[in-house]
Amino acid sequence: MKNTFYIILALTVAGLRAFGQGASNIEFVENKGQWDPRVQFKGEISTGALFLEKKGFSSLLFKPDDLDRIMNMEHGRGGAAATRRARGPEDLLHAHAYRVTFAGASDEVQIVPDKALPGYNNYFIGNDRSKWAGNCRVFQGVTYRNLYPNVDVRYYTNNGQLKYDIIVHPGGDVSRIRMQYDGADRLSMKKGELIVGTSVGDVRQLAPYSYLSNENGRADIRCRYTIHGGNIVTFDVPDHDPDATLIIDPTMVFSTYLGGSATA
């Protein structure tokens, strides 16, 4: 990423292998001091990581070709023993990070994780005990309640892709939802999808599937992205009934950006 980013990663061979293998679903690990305090939860994707923050999220993406090359080199040179040799240009791992902020969101948002998984993670890395953390719980979903008045956002995953339901309850104003992209090279639209351009590849955000829910049941509704000023995304929902609950369901497709997954 061209811009300064607050996350510094110590990448070991084991850590690279974990990114390359990926997971069927992203698991959100709570931050108990092992990461920057702006991070609420962290999840890993096949070639990067997602960081849920108070008013949005950040994506850290590695260049797939670099990751494949480095993992293949380390595997061929003896794994962990190879980390002791001098590093060269062939070990360069390009990365790009961008942040998505819900502009104008409430400072009083309630962040509630759900669907806790058994077990926990421990982070006892380095000599600074203040950065150690134990018994860090792992969840399958995280809901941000009243991010805007009567508007919730729930993060979860499906088939390894990040999904976030935007839930506009009666009394909520969909026009207040403004997603600000910082650090992306460009935003564009293609066949209703939002394309986030980065220096390591493009990320697709599928056209939002949206519907209304009330006492009469559920009905699909039209919804599309609109880009303002080059880095602000809003949702155009022309037939929204303010007395019904509106659910907007975008999906971020990293597999298109990945072009396949690395293996050790």
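Table for the structure above
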read-out	value
Two-site label geometry, ASN158 and ARG38: point separation in nm, points 7 Å out along Cα→Cβ	3.0 nm
Near-label residues of the range 90-114 by backbone N, under 16 Å of a point 7 Å along Cα→Cβ of ARG137	110-114
Tensor-based shape of the range 113-165 (alpha-carbon gyration tensor, a/c under 1.5 rounded, otherwise prolate or oblate)	prolate
Cα→Cβ-extended label distance, 7 Å offset, between HIS228 and ASN122, nm	5.0 nm
Reachable aspartates and glutamates, given that their alpha-carbon falls under 20 Å from the alpha-carbon of LYS42 and they are not under 8 places away in the same chain	GLU27, GLU30, GLU53, ASP114, ASP152, ASP165, ASP182
Kirkwood-based Rg to Rh ratio, the range 104-217, C-alpha trace	1.04
The range 168-255: trypsin sites (Lys or Arg not before Pro) in DSSP loop, at most 15 other beta carbons within 10 Å	LYS191, ARG222
Lysines with Cα under 20 Å of LYS190, excluding same-chain neighbours fewer than 8 positions away	LYS163
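The numbers here are math on the coordinates, done by the rules we state, and not lab data. Not measured: the values here are computed from a predicted model. So basically every Cβ, Gly included, is an ideal-geometry build from the backbone, and we count neighbours across all protein chains shown.
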